[in-house]
Amino acid sequence: MHDILPEQCRYFAYLEQMTREVLEGYGYEEIRMPLLESTELFKRTIGEVTDIVEKEMYTFEDRNGDSLSLRPEGTAGCVRAGIENGLLHNQTRRLWYTGAMFRHERPQRGRYRQFHQFGAETFGMAGPDIDAELILLSQRLWRRMGIADVRLEINSLGSPQARTEYRQRLVDYLSGFQSELDEDSRRRLHSNPLRILDSKNPAMQDIIAGAPRLLDMLDAESEAHFVKLQRLLDGAGVAYSVNPRLVRGLDYYTKTVFEWITDRLGAQGTVCAGGRYDGLVEQLGGRSTAAAGFAMGVERLVALLEEGDAVPAFATPDFYLAVVGDEAERQGIAWAEQLRTACPAARLVVNCGGGGFKAQLKRADKSGAAFALILGEEEVRTGRVAVKPLRQEAAQRDWDWQDFLRVITGQGGAEIARLILQH
């Protein structure tokens with residue numbers, strides 16, 4: 001687990017702002033779920049024979065002897081909350097969330113044991129149109145964030161019945177390579193053979209490449225769903241490739257699955273993944289409800305931004321108030337609050353911790369502020385303030401404090417600077 005320091009927090013805030021704006025622009029509503037859930041919830045949804053449940057969850061007994069787990073993903077908790085609070089039955093819902101998730105994995109770039117996700121979940125819409133919307137929405141997020149070099153892969157896992165038939169065919173095929181399968185694949189062969197197709201072990205790739213394809217065994221409904229999805233994406237100009245080995249790591253997916261992938265983050269190249277999970281609501285005790293969604297890894301997106309695809313325009317102060325002398329310190333605190341009241345959008349840093357005039361101006365410059373406001377004993381006595389531009393070639397000027405407040409009242413950012421320099 002890791003600390004997120006101020007420089008990176010700016011990226012997190014930038015990504016959250018962009019995500020919130022895009023998702024709400026598509027009609028998605030925010031929901032917030034607990035970090036802790038019953039362990040049984042994840043066993044029932046993710047699947048007991050998965051790496052997440054078997055190896056990665058942080059699980060413990062509470063004081064009542066109940067088994068709880070820190071959430072390793074958000075979909076299960078979102079579905080549980082929807083069922084318990086009556087949000088899903090005979091309704092259509094578009095929900096989104098963000099927050100910390102927890103998995104005991106080997107830490108590497110963009111992957112930590114406490115990590116953060118954005119998630120979008122939709123309910124009550126069975127057609128491929130909502131699948132296409134989720135893909136288009138995520139594509140728009142890349143554009144808004146200024147992230148390039150991501151590509152889309154899609155696949156269909158078909159209906160549960162088609163997958164059961166395919167599962168047996170896959171087991172028959174893989175059983176012919178028993179001695180060549182790695183330890184994880186041998187363990188999964190009869191419990192969760194589809195997960196073998198997701199193996200990243202280079203020694204397994206030739207075997208996987210020769211495996212039968214689920215796409216060749218789709219039921220008619222799933223095939224029609226997948227064909228229409230491709231037509232919708234083609235019509236919207238979305239570039240994609242069909243990857244018949246794309247299965248996703250969670251047991252609850254059906255029909256459409258997709259991933260956005262980059263080659264710039266090493267082995268952990270998936271930055272967004274999702275698909276349909278039409279049986280999950282009923283599996284958790286709700287009424288049968290169509291559902292689809294996706295999740296994005298925030299740390300991986302931050303890593304892409306730091307690579308240089310896009311640099312957020314971080315907010316810097318409009319003003320740095322330098323106060324020289326005991327009376328100026330006392331008056332400066334009061335005047336700073338007057339400025340914040342008159343101009344709520346203004347960003348103002350007050351010098352604290354003392355220091356001489358030159359030292360305070362150095363701090364003002366280092367802060368990135370557009371203007372230094374200088375308040376000394378003489379300014380306090382006359383009710384004036386010295387305003388020194390720090391980012392433009394312009395002369396320092398003395399202002400009557402009340403006139404200064406009157407000029408900037410209700411303004412912010414570039415308009416503050418224009419008004420000050422104009423006057």
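The values are calculated or read from the model by the stated rules, or taken from the named source; none is laboratory data. Because the structure is a prediction, the values reported are computed rather than measured. When we count neighbours, we look across all protein chains shown, and the Cβ atoms used for this are built from the backbone with ideal geometry, even at glycine.
Remarks
- Residues that are crowded, with 18+ Cβ neighbours inside 10 Å and either in a helix (DSSP H, G or I) or among the hydroxyl-bearing types (Ser, Thr, Tyr) (or both), drawn from the range 178-193: 185, 188, 193
- Residue count, the range 203-250 (criterion: under 24 Å from residue 168 (Cα atoms) and either without any contact (Cβ under 8 Å) to a residue 60 or more places away in the chain or outside any helix (DSSP H, G or I) (or both)): 27
- Qualifying residue in the range 384-401 (condition: in the same structural domain as residue 354 (by TED's automatic domain parsing), surrounded by 17 or more Cβ atoms within 10 Å (Cβ to Cβ) and part of a helix (DSSP H, G or I)): yes
- Taking strands (runs of 3 or more DSSP E) as the structural unit, those lying wholly within the range 1-92 and holding at least 3 residues that are in the same structural domain as residue 281 (by TED's automatic domain parsing) and in contact with a helix residue (DSSP H, G or I) (Cβ under 8 Å, 6 or more places away or on another chain) correspond to 67-70.
- Options 143, 195; residue that is among the basic types (Lys, Arg) and in contact with a helix residue (DSSP H, G or I) (Cβ under 7 Å, 6 or more places away or on another chain): 195
- Of the residues screened, residue 286 is not one that is closer than 26 Å to residue 269 by Cβ, surrounded by 16 or more Cβ atoms within 10 Å (Cβ to Cβ) and outside the structural domain of residue 406 (by TED's automatic domain parsing).
- Residue within the range 162-185 that is among the hydroxyl-bearing types (Ser, Thr, Tyr), outside the structural domain of residue 276 (by TED's automatic domain parsing) and in contact with a Phe, Trp or Tyr (Cβ under 9 Å, 6 or more places away or on another chain) present: yes
- Of the listed requirements (1) surrounded by fewer than 21 Cβ atoms within 10 Å (Cβ to Cβ); (2) within 24 Å of residue 296 (Cα to Cα); (3) charged (D, E, K, R); (4) out of contact with any Lys or Arg (no Cβ under 7 Å at 6 or more places or on another chain), residue 66 misses just one: (2).
- Filter result (in contact (Cβ under 8 Å) with a residue 40 or more places away in the chain, of a type in the set (A, V, I, L, M) and surrounded by fewer than 20 Cβ atoms within 10 Å (Cβ to Cβ)) within the range 329-374: 342, 345, 346
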